[in-house]
Amino acid sequence: MKRRTLIKGLATGFSSLYLSRAFGNSLLQPNLNANIAAGPFKPDWDSLAQYQVPDWFRDAKFGIWAHWGPQCQPERGDWYARGMYQEGSDQYKYHVQKYGHPSKFGFKDVINDWKAESWDPDELVGLYKRAGAQYFFAMASHHDNLDLWNSKYQAWNSVNVGPKKDIVAGWAKAAKSHALPFGLSVHASHAWTFYETSQGADKSGEFKDIPYDGKITKASGKGTWWEKLDPQELYAQNHEVSKTWNWDWVNGSSVPGKAYCDKFLNRTIELIDKYEPELIYFDDTALPLWPISDAGLKIAAHMYNTSIKKHGKLQAALFGKVLNEQQRKCMIWDIERGQSNQIEPLPWQTDTCIGAWHYDRRIFDDKHYKSAKTVVHTLVDIVSKNGNLLLNIPVRGNGTIDSEERAIVEGVGAWMQVNSEAIYGTRPWTVFGEGPATDSAAPINAQGFNEGKGKPFGAEDIRFTTKGKTLYATMLGWPAGNEALVKKLAKNNQLGNVSSVSLLGNDKLSFEQTEAGLKVKLPENAPCKDAFVLKIEGAI
């Protein structure tokens, strides 16, 4: 079956029987174990389309994320638990040098090496709140399949192994202490295929044909630190390797069975019930395990019904990627490392990072983080298009952030102290902006990934937001000659007559509304760095 035909079918609600014939018996097998909360939302797309994005999320605009887990321990970047098993790769070479060969020291042993000994969640969340974050996200589980809470369904969890701490509980307590809505990201549905590299072996050299530890069993653990634990609960590799590795469950990917899907569902329902997140992010196309299982549909219905029961109305925010038109009504569309190029009719979110998703020491050493200026420009651009920004600050294995990261967070905070009025609680104007960068924006690719591919922002690039009758025009640079020109507010544009213009962090300014645009005389000294906000009355 062609992928485009399948996706069209999913959007229009093909029957379970039809999809089962296409994918086999594992498709859409119902889970009967999880206790799904009763309420108006049912586990199907039509019912989930009742969803309305809560106003608090639309007003919040900016969240910070600690995308932190055992893959941060080596401090060698993203997807370490997969890359360390790819012979000849950078992470493989690093692993052999630092830990030993992956037939002897696998990722399970990296988990054991992770202690999070300097982690202070309250201090970090406090820092992020001072920087202007209106919600906080922690990671609950990544593709490495380690649950970062005291899970009764997954023995491989951070209380039993590694740090011997309930990481999610620590973050949740800190978020509550700082009065920030708490979010959790869940990535573990992909462990089935993510770990397939661990089934391999070197094709040359000293360890040629000696299997890595991906298929090791509980019986091999006698006398080891992981005695009585079953590595297959972590690696999930009692299956043949995919003919073709894909992110989605199509085109040759190995498809997990019902037991795997059921376990994922039970773990996630427990996570929601135990820690009561207001937000949950899935690193999945649409929902986890869709369309081979209804687990994601059940989780979404449970999340929404639980929120209604707790608050008396729906306050939950749930995120998925690569959503079709129907699915965008059921949850919030998330764009990874990119942003929309237009004002979206429904609220959406960009998730991005100042460096690698998992901590990479080389980015600190080489000073390759995104600057506070880049973060501010990204935030302003996204908010002008009806979006929110979720920003990951990579955490080191020991639970701290480095000095460069701290300086970036503080830089964003300094800008927000002056200009947050143009961010929080705003809505888009009739157009999102003007300027040279508007015409050169790169298109979205798959999950997103158009970040930084367009023309850099400059002083002529302006982004608009509104609050009531007030229009905010944020200049993404300081104009030459201390004079701004807002072309969209030209006399002949059938807008209202501008009655006052002020600069946030300064005072009222002299201006003239001409046929070329609104000309504004700026002060000699800017009130802040990176971006500068004109507060305009009378135009709308």
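The values are calculated or read from the model by the stated rules, or taken from the named source; none is laboratory data. Remember, predicted model here, so these are calculated numbers, not experimental data. Positions of Cβ are backbone-derived with ideal geometry, glycine not excepted, and every protein chain shown enters the neighbour counts. For accessibility, only protein heavy atoms count, side chains too; no ligands or nucleic acids. Shrake-Rupley method; radii C 1.70, N 1.55, O 1.52, S 1.80 Å.
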| query | Using a cut-off of 13 Å between alpha-carbon atoms, which aspartates and glutamates can reach Lys519, once sequence neighbours fewer than 8 places away in the same chain are excluded? | reply | Glu460, Glu483
| For the stretch 469-540, alpha-carbon Rg and Dmax in angstrom | 11.4, 33
| task | In whole Å, largest first, what are the principal axis extents of the Cα atoms in the stretch 246-306? | result | 37, 21, 15
| task | State in Å² the accessible area per residue of the stretch 205-249; use a 1.4 Å probe, count heavy atoms of protein chains only, and round to the nearest integer. | result | 62 Å²
| query | Can you work out the base-10 log of I(q)/I(0) for the stretch 301-400 at q = 0.15, 0.20 1/Å, using the Debye formula on its C-alpha atoms alone? | reply | -0.76, -1.03
| Cβ-placed point charges (K, R +1; D, E -1), dipole of the stretch 218-374 about Cα centre in debye, nearest 20 | 200 debye
| note | Normalised Cα Rg of the stretch 150-242, dividing by 2.2 N^0.38 Å with N its residue count, works out at 1.41
| request: Report the calculated FRET efficiency for Asp44 and Lys218 (r = Cβ-Cβ distance, R0 = 56 Å), to the nearest 0.05. | output: 0.90
| note | Pseudo-spin-label distance Ile308 to Asn482, built 7 Å along Cα→Cβ, given in nm, is 5.9 nm
| Check Cys353: other-chain or 5+ apart residues with amide H under 5 Å from its amide H, H built from backbone geometry? | Asn392
| remark: Long-range amide H partners of Gly433, meaning residues 5 or more apart or on another chain whose placed amide H is closer than 5 Å, are Phe464
| Backbone HN-Hα couplings from phi across the stretch 50-55 [Karplus 6.51/-1.76/1.60, Hz, Gly and Pro as x] | 5, 4, 10, 5, x, 4
| message | Within the chain, what whole-number % of the accessible surface is contributed by carbon and sulfur, with the 1.4 Å probe and all protein chains included in the calculation? | response | 49 percent
| task | Give the long-range amide H neighbours of Ala138: residues separated by 5 or more places, or on another chain, with amide H under 5 Å away, using H modelled in the peptide plane at 1.01 Å from N. | result | Ala66, Gly183, Leu184, Ser185
| query | Could you list, bin by bin from short to long, the percent of Cα-Cα pairs of the chain in 10 Å steps? | reply | 4, 18, 27, 25, 16, 8, 3, 1, 0
| request: List, in order, the whole-Hz ³J(HN,Hα) value for each residue of the stretch 393-400 obtained from phi through the Karplus relation with A = 6.51, B = -1.76, C = 1.60 and θ = phi - 60°; use x for Gly and Pro. | output: 10, x, 9, 5, x, 7, x, 10
| Whichever aspartates and glutamates have a C-alpha closer than 14 Å to that of Lys263, once near sequence neighbours (fewer than 8 apart) are set aside | Asp147, Glu233, Asp294
| query | To the nearest 20 debye, what charge dipole does the chain have about its Cα centre, counting +1 at the Cβ of each Lys and Arg and -1 at the Cβ of each Asp and Glu? | reply | 880 debye
| field | Counting DSSP beta bridges with both ends in the chain, the antiparallel % (nearest 5) | value | 45 percent
| said: For the chain, what does the helix formula give at 222 nm: sum of -39500 (n - 2.57) over DSSP H segments with n ≥ 4, over the residue count, nearest 500 deg cm²/dmol? | reply: -7500 deg cm²/dmol
